[in-house]
Amino acid sequence: MELVDSHTHLDFPQFAGDREEAIKRAWEAGVRLIVNVGTDIESSRASIALAEKHPFIYAAVGIHPHDARLLDDDALEELKELACHPKVVAIGEIGLDYYRNLSPRKVQQRAFRAQLELAQEMRKPVIIHSRNAQKDTMEIVREFAARVNSPGHPIGVMHCFSGSLEVALEAVKLGFMISVAGPLTFKNARKLPQIVREIPLDYLLIETDCPYLAPHPHRGKRNEPAYVRLVAEALAAVKQMDVTEVARQTLENALLLFGIDPVTLQFSPST
Ligand code: NI
């Protein structure tokens, strides 16, 4: 089985002791594409370094809503330079987080808009983080979708989706994929299975968001890319499909969204 993990943070300190082993375990579990996602300038650089070292790892660069206050003109210029790297396949993660509100809302909105503009200029898809901020996220995303106007081609992904079915359907209509993580596997998951049942498999992605959100039965422990298989299995159960087919289609969706040539999949895990 060949799998994608469309959203990881392998550069985070939780992997300091066994980063290379975790990457090796991912490869052995069948993971053939990883997108490691930046949350600030430093982790965006670290994502690129990982991508340079491992052929099956790609990078996204961006400033997380928690750190939105860090996005000044210099940071934006730096992101733009980083985005020119051949293994940078997206701008992210960017968005709004009104759950923790670590940066003021107005500051988050400004940083979100500025990075969407950057993505448009660089012709890259976006990885969107939205928590307790559906209304404002969709308002900004609607403007963005109208501006990029790329019918028939995906323009981004709603990472670790936690919104309503209504929002999911609108996002798909606007050109976004919906990505699901460990919460789909939780015993008390109710809303999320109902939502993914309604979304065609062509618009779904899977991810771990490691080191966070470990799927059942690892819930509460550190997450890692090899566990994305458990997310694929949960999705297959909801869709009443074969897990191999779910893995294949979500990998294909990721290749399409991130504009990655499938021949890269033949490479070994390390250079
Ligand atoms: Ni993340």
Subject >> Asp97, sole failed condition from (1) within 13 Å of the ligand (Cβ to nearest atom); (2) out of contact with any strand residue (DSSP E or B) (no Cβ under 6 Å at 6 or more places or on another chain) >> reply: (2)
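Residue by residue, here is whether (1) in contact with a strand residue (DSSP E or B) (Cβ under 9 Å, 6 or more places away or on another chain); (2) farther than 22 Å from Met177 by Cα holds:
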site: Ala59; (1), (2): yes, no
site: Asp67; (1), (2): no, yes
site: Ala90; (1), (2): yes, no
site: Glu93; (1), (2): yes, no
site: Arg142; (1), (2): no, no
site: Ser150; (1), (2): no, no
Subject >> Positions within region 30-54 being open to solvent by 10 Å² or more (accessible area, probe 1.4 Å), in contact with a Lys or Arg (Cβ under 9 Å, 6 or more places away or on another chain) and not hydrophobic (A, V, I, L, M, F, W, C), in sequence order >> reply: Glu52
Original post:
Quick one: in region 122-167, which of the residues that are out of contact with any helix residue (DSSP H, G or I) (no Cβ under 7 Å at 6 or more places or on another chain) and among the acidic types (Asp, Glu) is nearest to Leu102 (Cα to Cα)?
Top reply: Glu139
**OP:** Within region 118-130, identify whether any single residue is among the polar types (S, T, N, Q) and either within 16 Å of the ligand (Cβ to nearest atom) or at positive phi (or both), and answer yes or no.
**Re:** yes
Original post:
What is the number of the single condition among (1) over 17 Å from the mean Cα position of the chain (by Cα); (2) in a helix (DSSP H, G or I) that His216 does not meet?
Top reply: (2)
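Condition check ((1) surrounded by fewer than 21 Cβ atoms within 10 Å (Cβ to Cβ); (2) touching a residue at least 60 places away in the same chain (Cβ under 8 Å); (3) within 24 Å of Ile206 (Cβ to Cβ)) across all residues:
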residue: Lys106; (1), (2), (3): yes, no, no
residue: Arg110; (1), (2), (3): yes, no, no
residue: Glu117; (1), (2), (3): yes, no, no
residue: Lys124; (1), (2), (3): no, no, yes
residue: Val148; (1), (2), (3): yes, no, no
residue: Cys160; (1), (2), (3): no, yes, yes
residue: Leu165; (1), (2), (3): yes, no, yes
residue: Leu169; (1), (2), (3): yes, no, yes
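Within region 195-213, how many residues turn out to be in a loop (DSSP other than H, G, I, E, B) and in contact with a Ser or Thr (Cβ under 7 Å, 6 or more places away or on another chain)?
Number satisfying all stated conditions: 2.
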Original post:
Taking into account only those residues within region 1-31 that are in a helix (DSSP H, G or I) and not hydrophobic (A, V, I, L, M, F, W, C), which is nearest to the ligand (Cβ to nearest atom)?
Top reply: Gln14
**OP:** Give the residues of region 32-59 that are under 15 Å from His9 (Cβ atoms) and in a strand (DSSP E or B), sorted by residue number.
**Re:** Ile34, Val35, Asn36, Val37, Ile57, Tyr58, Ala59
**OP:** Just give me the residues in region 1-29 being of a type in the set (A, V, I, L, M, F, W, C), farther than 19 Å from His129 by Cα and open to solvent by 10 Å² or more (accessible area, probe 1.4 Å), in sequence order.
**Re:** Met1, Ala16, Trp27, Ala29
Original post:
If you take the residues in region 247-267 that are open to solvent by 80 Å² or more (accessible area, probe 1.4 Å) and in contact (Cβ under 8 Å) with a residue 40 or more places away in the chain, which one is nearest to Leu235 (Cα to Cα)?
Top reply: Arg248
Original post:
If you take the residues of region 52-84 that are away from the ligand (no atom under 16 Å from the Cβ), over 20 Å from Arg113 (Cβ atoms) and of a type in the set (A, V, I, L, M, F, W, C), which of them is modelled with the lowest pLDDT?
Top reply: Phe56
**OP:** Determine if region 74-90 includes at least one residue that is touching a residue at least 40 places away in the same chain (Cβ under 8 Å), open to solvent by less than 10 Å² (accessible area, probe 1.4 Å) and assigned to a loop (DSSP other than H, G, I, E, B).
**Re:** no
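The values are calculated or read from the model by the stated rules, or taken from the named source; none is laboratory data. If you're wondering where the values come from, they're calculated on a predicted model, not measured in any experiment. Cβ atoms come from the backbone with ideal geometry, glycine included; neighbour counts cover every protein chain shown. Heads up: the accessible areas ignore ligands, DNA and RNA and are worked out on the full protein's heavy atoms, side chains in. Shrake-Rupley method; radii C 1.70, N 1.55, O 1.52, S 1.80 Å.
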